[in-house]
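Structure first, commentary second.
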Amino acid sequence: MRDLTSPRLSFKQYLVVASLLFGLFFGAGNLIFPLHLGQLAGANWGPAALGFLVTGVLLPLLSVLAVAVTRAEGVYDIGRPLGAGFALVFMVLIHATIGPMFGTPRTATVSFTVGVAPFLSKANQGWALLVFSALFFLAAFAFSYKENNILANVGKVLNPVFLALLFLVFVVAFANPLGNPASAPVTSAYVHSAVANGFLEGYNTMDALAGLAFGVTVVTAVRSMGQRRAKDVSKVVAKSGVMAVAGIGLIYLLLILLGAMSLGRFKISADGGVAFNQLVNYYAGAFGQVVLAFLLTVTCLTTAVGLVAAFAQDFHKHFPKVSYHTWLALSCLASFLTANFGLDQIIAWSTPMLMFLYPLSMVLILLSVSSPLFHRDGVVYFFVVLFTVVPALGDMVVAFPAVVSASHFGQVVAGLACHYFRRQRVANENTELN
């Protein structure tokens, strides 16, 4: 019995785990998407922030709680009530999307595009991205090589540096505001649908998906602190998760407000990365750009470390013939190759997968959190997921770039999706009449 006793953690140790979770969640996308949302929403930044916080904060928190409640150790365990086959496919799709296909390469391309590319001519950006991404993923590989060092590398070193630099940006920007957010112009999409568009913009953070994937990384780190019993591990994960996402939510609000304020001097930018460049150059010039480059590289690297480690840990667990280090190397190599397609291509092709996986992940997260009420009954899972997958598939096809969405196949799927929603609306109206 003594061997199963877990030592009681101090508040400082909870903060370290919360810092780890924060660092794993908060990447470059978490900086640029809320900032751009603030510019798009303008004076309606409040309702837009409310929608964004649901998918950008509440869902990631619920994903951490889902891991804690079900005592899961990875994505596979979250989908296990639907059978081993579904759980394995779900795990592969999640890790592929937030890993080598889209999420992990984006950590390198965003930090390069926003932080490094402004110093280079367009002619030199191609080879520069090649060199930068190679060094970036070599660093990610080194930081995540020893599984037990991830907590120290991210929670104690990289993340505090990032937070200090970001705090400096906020102090300077709010001490010298560019405009009044209450009088900022509002784009047409955010005049009447600010909450809904903010909700969808939160998809781009990928944090709800990442929360499921980081489960194994966080559980491994907590166990390295001496927590042996599953109940104790779950308790630490849940408490630290609340602390981490509370900090993330505060930063989101400040970034959205900062984006709305920026319209007092700048026009709406093409993306949040451009907006960040404009703000930093306005306040600090070339020196500010150097700070921004370092800031983005640090925060992107913390997220990349978590993503490649989670990928390697989960795949090694389910395909043990391949070692953790081999899976880690494959993840870093594939991410390096994808990163060199460029940021625009990565975002364009990641959106359809997010439109499919987010609704599916949302219902699985909610089912996991509430699973004690129905004892993780597979029948409940089956029917809820079934009625979610059909419209999600339609959304995925429609969201693909024109080469797919405008094709005959894409038009057929879009028509079927419209027919499905029309039938659902008629059914709901008949129910209300009855």
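The values are calculated or read from the model by the stated rules, or taken from the named source; none is laboratory data. No experiment lies behind these values; they were computed from the predicted model shown. When we count neighbours, we look across all protein chains shown, and the Cβ atoms used for this are built from the backbone with ideal geometry, even at glycine. These area figures cover heavy atoms from the full protein model, side chains too; ligands, DNA and RNA do not enter into them. Shrake-Rupley method; radii C 1.70, N 1.55, O 1.52, S 1.80 Å.
Compute, for the range 1-134, the length of the dipole vector about the Cα centre, with Cβ point charges of +1 (Lys, Arg) and -1 (Asp, Glu) only. Units Debye, rounded to 20.
On the way: 7 positive and 3 negative charges, 34 e Å.
My answer is approximately 160 debye.
Give the lysines reachable from K146 as a straight Cα distance under 20 Å; neighbours fewer than 8 places away on the same chain don't count.
K156, K317, K321
Suppose each label sits 7 Å from its Cα in the direction of the beta carbon; what would the S224-A348 distance come out to in nanometres?
4.0
Take the Cα atoms of the range 295-358, find their three principal axes, and give me the spread along each one in whole Å, biggest first.
Result, largest extent first: 36, 32, 20 Å.
Just in the range 356-385: which chymotrypsin sites (Phe, Trp or Tyr not before Pro) are loop by DSSP and have at most 13 other Cβ atoms within 10 Å?
Sparse-neighbourhood loop chymotrypsin sites (Phe, Trp or Tyr not before Pro): F374.
What does the charge count near L35 come to, summing +1 for each Lys or Arg and -1 for each Asp or Glu among other residues with Cβ under 15 Å from its Cβ?
Here the charged neighbours net out to 0.
Over the Cα atoms of the range 1-124, what is the Rg over Rh ratio if Rh follows Kirkwood?
Radius of gyration over Kirkwood radius for the range 1-124 works out to 1.07.
Mean separation of Cα pairs under 8 Å and 6+ residues apart, divided by the residue count of the chain: what relative contact order is that in percent?
33
Give me the dipole magnitude in Debye, nearest 20, for the chain about the Cα centre, with unit charges on the beta carbon: positive for Lys and Arg, negative for Asp and Glu.
The dipole of the chain has a size of about 880 debye.
Please compute the net charge surrounding G179, taking Lys and Arg as +1 and Asp and Glu as -1 over other residues with Cβ under 15 Å from its Cβ.
Computed value for this residue: +2.
Less than 30 Å apart at the alpha-carbon level, and either on another chain or at least 8 residues along: which lysines does that give for K122?
Qualifying lysines at Cα under 30 Å: K267.
Got a sec? What order do D377, D77 fall in by accessible area at 1.4 Å, biggest, i.e. largest, first?
D377, D77
Report the gain in length on full extension from F382 to A196: 0.36 nm times residue separation, minus Cα-Cα distance, nm rounded to one decimal.
The span from F382 to A196 would gain 64.2 nm if fully extended.
Roll a 1.4 Å probe over the protein chains and send me the accessible area per residue for the chain in Å².
44
Given the -39500 (n - 2.57) contribution per DSSP H run of 4+ residues, what per-residue ellipticity at 222 nm results for the chain, rounded to the nearest 500 deg cm²/dmol?
Counting only the DSSP helices, I get -24500 deg cm²/dmol.
Between T187 and L330, with labels modelled 7 Å along Cα→Cβ, what's the label distance in nm to one decimal, could you check?
3.9
Order the following by accessible area, largest value first: Y324, Y145. Probe radius 1.4 Å; ligands, DNA and RNA are ignored.
In descending accessible area the options line up as Y145, Y324.
Order K321, K12 by their accessible area, 1.4 angstrom probe, all chains in place, largest first.
Ranked from most to least accessible, the order is K321, K12.
If one computes the Cα centroid of the range 253-273 and of the range 162-179, what distance in Å separates the two points?
Between the Cα centre of the range 253-273 and that of the range 162-179, the gap is 13 Å.
Where does the chain land on the Kirkwood hydrodynamic radius, alpha-carbon pairs, in angstrom?
Values: mean 1/r = 0.0448 Å⁻¹.
22.3 Å is the Kirkwood radius here.
Probe radius 1.4 Å, ligands and nucleic acids ignored: give me the carbon and sulfur share of the accessible area of the range 11-343 as a rounded percent.
Here carbon and sulfur together make up 69 percent of the probe-accessible area.
Given labels modelled 7 Å from the Cα in the Cβ direction, how far is it in nm from V291 to L138?
The modelled label-to-label distance comes out at 3.0 nm.
Using only C-alpha atoms and all pairs of different ones, pull out the Kirkwood radius for the range 113-265 in Å with one decimal.
Its Kirkwood hydrodynamic radius stands at 19.3 Å.
For the range 100-109, in order, what is each residue's ³J(HN,Hα) by Karplus, 6.51 cos²θ - 1.76 cosθ + 1.60 with θ = phi - 60°, in whole Hz (x at glycine and Pro)?
With the stated coefficients, the range 100-109 comes to x, 7, 9, x, 5, x, 5, 4, 7, 5 Hz.
Which one of P7, A87, Q313 is farthest out on the positive end of the charge dipole of the chain, using unit charges on Cβ (Lys, Arg +1; Asp, Glu -1) and the Cα centre as origin?
P7
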